[in-house]
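Since the structure comes first, as structure tokens, the remarks are kept for the end.
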Amino acid sequence: MTDTLQHVDLPAEFRVRLDYYWQSLAVYALTLIVYIIVRALWEATLQQGIVKVVLTDPIVVLLGVFVLGSTVSLLFNSIARRTIIISDEGITFTSRFHVRTFVRSELESITLGRDRRIRAQGMFSVIRIRITGRRRALRVRAALYEGEHRLIAALLTLRAQLHAHHS
């Protein structure tokens, strides 16, 4: 993985990827449509040109909740427009609702690793950023952002600058 990482010029901006939300919405909606069609065929109402949706059917309700939840998540995340901006001065987490900047003097360490709770590699790598005066480290999942390899490279560049500044 380190051979694919190159130097990234700072500042660099990385937006949250929304494709996961689109994919889950499409899968749940398609599953709901297929279920309704199969159910209508099973009850032989499709031959008459009538598709009767029973809203009390537990599977329709469950799939409807998934479709609604995926839609709300997609809308919220597209409205929020969350980004990470990495510069020589520090890291800025932005959204439409909030901006939080951690300057380089506040950054204790940046470590790259795997999430121990998930036993897979690759897209489940997590970056931990230790902040002075903060009990818990910030956790950034690189796979959730566009250009995850560039994000990792930018954070490694910032980490190298931190080590050069501390020594």
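The values are calculated or read from the model by the stated rules, or taken from the named source; none is laboratory data. Predicted, not measured: the structure shown is a model, and the values here were computed from it. Here the Cβ positions follow ideal geometry from the backbone for every residue, glycine too, while neighbour counts run over all protein chains shown.
Please work out which residue is surrounded by the fewest Cβ atoms within 10 Å (Cβ to Cβ), limiting yourself to region 1-57 and to residues that are at pLDDT 85 or above and aromatic (F, W, Y).
Checked region 1-57; the qualifying residue surrounded by the fewest Cβ atoms within 10 Å (Cβ to Cβ) is W22.
I'd like the residue in region 133-167 that is at pLDDT below 90 and exposed (fewer than 12 other Cβ atoms within 10 Å of the Cβ) and, out of all such residues, is farthest from D19 (Cα to Cα).
For region 133-167, the residue satisfying everything is S167.
So which strands (runs of 3 or more DSSP E) stay within region 68-117 end to end and still have 1 or more residues that are within 17 Å of R150 (Cβ to Cβ) and out of contact with any helix residue (DSSP H, G or I) (no Cβ under 8 Å at 6 or more places or on another chain)?
83-86, 90-94
Name the pairs: first residue in region 17-38 and without any contact (Cβ under 8 Å) to a residue 60 or more places away in the chain, second residue of a type in the set (S, T, Y), Cβ to Cβ under 7 Å, at least 6 apart or on different chains?
Between residues of region 17-38 that are without any contact (Cβ under 8 Å) to a residue 60 or more places away in the chain and residues that are of a type in the set (S, T, Y), the close pairs are Y21/S70; Y21/S73; S24/S70; L25/S70; L25/T71; Y28/S70.
Among the listed residues F97, F124, F102, identify the single one that is in contact with a strand residue (DSSP E or B) (Cβ under 8 Å, 6 or more places away or on another chain), at pLDDT 90 or above and under 20 Å from R15 (Cα atoms).
Just a single option satisfies the conditions, and that option is F102.
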